[in-house]
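For reference, the structure is listed below as structure tokens.
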Amino acid sequence: EKAGYDHFMMKEIHEQPKAYRDTMMGRVAEDGRSVQLNELSMTAEYVKDIRKIHIVACGTAYHAGLVGKTIIETLARIPVETDVASEYRYRSPIITPDTLVIVVSQSGETADTLAALREAKRNGARVLAITNVVGSSIAREADDVLITSAGPEIAVASTKAYTTQLIIFYLFGLYLAQTLGTKEQSEIADVLGAMQKLPEQVQSVLDQKAVLRQIAESISKHDNLFFIGRGVDYAVSQEGSLKLKEISYIHSEAYAAGELKHGTLALIEEGIPVIALVTQEELYEKTLSNIKEVKARGAHVLGIVNAGAETEAAKSVDELFAIPKTLPLLSPAVSVIPMQLISYYASLARGNDVDKPRNLAKSVTVE
Ligand code: F6R
């Protein structure tokens with residue numbers, strides 16, 4: 001049942017290239033130049049009237065929503081807010097009939113996310129669900145559903161569900177762009193072309209897992225560490241930090257790289273590991289200078305950078321891991337893979353039950 005892997009988590013990490021292909025299958029036109037989301041019942045007229053989008057989810061699905069915000073705002077220029085479902089209802093969110101509420105849930109059963117969906121509908125908003133389970137409560141109650149074709153996810157720590165949620169956000173963002181005309185057809189085709197390459201790029205990271213195992217084993221000896229990044233790298237850092245805490249029980253925090261000097265830098269001391277995600281070319285110089293700030297205080301920095309940028313980055317970090325380069329917007333679909341593998345190997349090195357971490361349940365049906 002684990003297909004030769006020691007744990008479901010490792011099996012599911014390795015299923016990601018296939019899960020990406022399955023999630024894109026049938027949703028890209030034959031010539032590869034446009035998106036077709038035939039399962040959506042929303043009309044072009046409705047899409048043109050959307051004034052804002054709320055993305056609501058918990059945990060890892062919330063982290064996918066943080067990337068989703070950047071994707072939709074970049075491609076479709078519609079303002080997006082992303083909320084944790086257990087907070088959403090209690091802040092009196094301004095939900096109007098021209099608000100599209102997107103709920104994201106692997107299981108489709110998370111109590112807070114389901115309650116947010118109901119609240120949105122009560123206020124006259126349309127609800128789009130991104131879920132992995134056909135026939136789940138969230139899939140049944142939403143107005144529209146986009147299924148992530150990840151296949152069953154057994155390990156408590158979510159991996160392929162998160163990455164296929166990203167794939168759906170890319171496709172939906174492109175669908176909005178194509179409907180609203182916010183991007184040229186050629187740009188849409190370029191993004192889709194780059195998406196077709198993601199499965200093999202993910203595979204090439206998986207093929208380097210031995211290197212990540214060594215990195216994880218040295219990390220597993222520490223009790224505290226930091227993740228830093230800017231833009232979507234910050235969003236992926238938050239997911240990396242959650243994954244590591246969840247299964248290795250090592251305390252970590254994810255920080256927007258530019259925010260460190262506003263207090264957190266005080267925690268940087270000799271030898272503390274810092275994992276810096278540096279995939280966004282526009283922010284490259286800025287993040288490198290934040291890396292210098294932590295290095296100057298004795299941090300041991302692992303830089304995760306795009307292939308091709310190693311020489312430049314090597315001057316600033318202690319260790320490097322290069323990932324295949326894709327479009328800046330698509331990089332989370334590649335850069336999260338080393339995070340998943342580091343978490344897995346750190347958990348293993350600490351002798352934890354990787355698939356069933358203490359205190360946690362796969363599906364959270366209480367608020
Ligand atoms: C972490 C993890 C959780 C879930 C969260 C939401 O690895 O799996 O944070 O993402 O409990 O679950 P779903 O997506 O089923 O609503």
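The values are calculated or read from the model by the stated rules, or taken from the named source; none is laboratory data. If you're wondering where the values come from, they're calculated on a predicted model, not measured in any experiment. In this analysis, Cβ positions are derived from the backbone assuming ideal geometry, glycine residues included, and neighbour counts consider all displayed protein chains. Note: accessible area is taken over every heavy atom of the protein model, side chains too, but ligands, DNA and RNA are not part of it. Shrake-Rupley method; radii C 1.70, N 1.55, O 1.52, S 1.80 Å.
In the range 222-238, the residues that are hydroxyl-bearing (S, T, Y) reach residues that are surrounded by fewer than 20 Cβ atoms within 10 Å (Cβ to Cβ) with C-beta atoms within less than 7 angstrom, at least six apart or across chains, in these pairs: Y234/A256. If a residue has to be without any contact (Cβ under 8 Å) to a residue 40 or more places away in the chain and closer than 20 Å to A254 by Cβ to count, how many in the range 206-217 make the cut? Adding up the residues that qualify gives 0. In the range 171-217, the residue that is nearest to S34 (Cα to Cα) out of those that are hydroxyl-bearing (S, T, Y) and touching a Lys or Arg at 6+ places or on another chain (Cβ under 8 Å) is T179. For the range 40-63, a residue qualifies if it is within 16 Å of the ligand (Cβ to nearest atom) and assigned to a helix (DSSP H, G or I), and the qualifying residues are G59, T60, A61, Y62, H63.
Screening L37, L66 for residues that are among the hydrophobic types (A, V, I, L, M, F, W, C), in contact with a strand residue (DSSP E or B) (Cβ under 8 Å, 6 or more places away or on another chain) and within 16 Å of the ligand (Cβ to nearest atom) leaves exactly one candidate, L66. Considering (1) open to solvent by less than 60 Å² (accessible area, probe 1.4 Å); (2) over 18 Å from the mean Cα position of the chain (by Cα); (3) modelled with pLDDT of 95 or more, the lone condition that E239 does not fulfil carries the number (2).
Listed by first and then second residue, the pairs linking a residue in the range 53-78 that is under 16 Å from L128 (Cβ atoms) and open to solvent by less than 10 Å² (accessible area, probe 1.4 Å) to a residue that is within 16 Å of the ligand (Cβ to nearest atom) and charged (D, E, K, R), with Cβ atoms under 8 Å apart and 6 or more places separating them unless they lie on different chains, are H54/D83; I55/D83; V56/D83; A64/E239. For I275, the criteria (1) open to solvent by 70 Å² or more (accessible area, probe 1.4 Å); (2) touching a residue at least 60 places away in the same chain (Cβ under 8 Å) hold in every case but one, which is (1).
If you go through the range 143-151 one residue at a time, do you hit one that is within 16 Å of the ligand (Cβ to nearest atom), under 30 Å from S241 (Cα atoms) and more than 22 Å from the chain's Cα centre (by Cα)? Taking every residue of the range 143-151 in turn, none turns out to be within 16 Å of the ligand (Cβ to nearest atom), under 30 Å from S241 (Cα atoms) and more than 22 Å from the chain's Cα centre (by Cα). Put simply, of T311, T287, T279 the only residue that is of a type in the set (V, I, T), at pLDDT below 95 and under 20 Å from G240 (Cα atoms) is T287. Every listed requirement among (1) more than 16 Å from the ligand (Cβ to nearest atom); (2) within 30 Å of D6 (Cβ to Cβ); (3) not charged (D, E, K, R) is met by S316 save one, (2).
Search the range 87-122 for residues being within 20 Å of E45 (Cα to Cα) and open to solvent by 10 Å² or more (accessible area, probe 1.4 Å), and hand back the single one that is nearest to the ligand (Cβ to nearest atom). Ranking the qualifying residues of the range 87-122, first place goes to K121.
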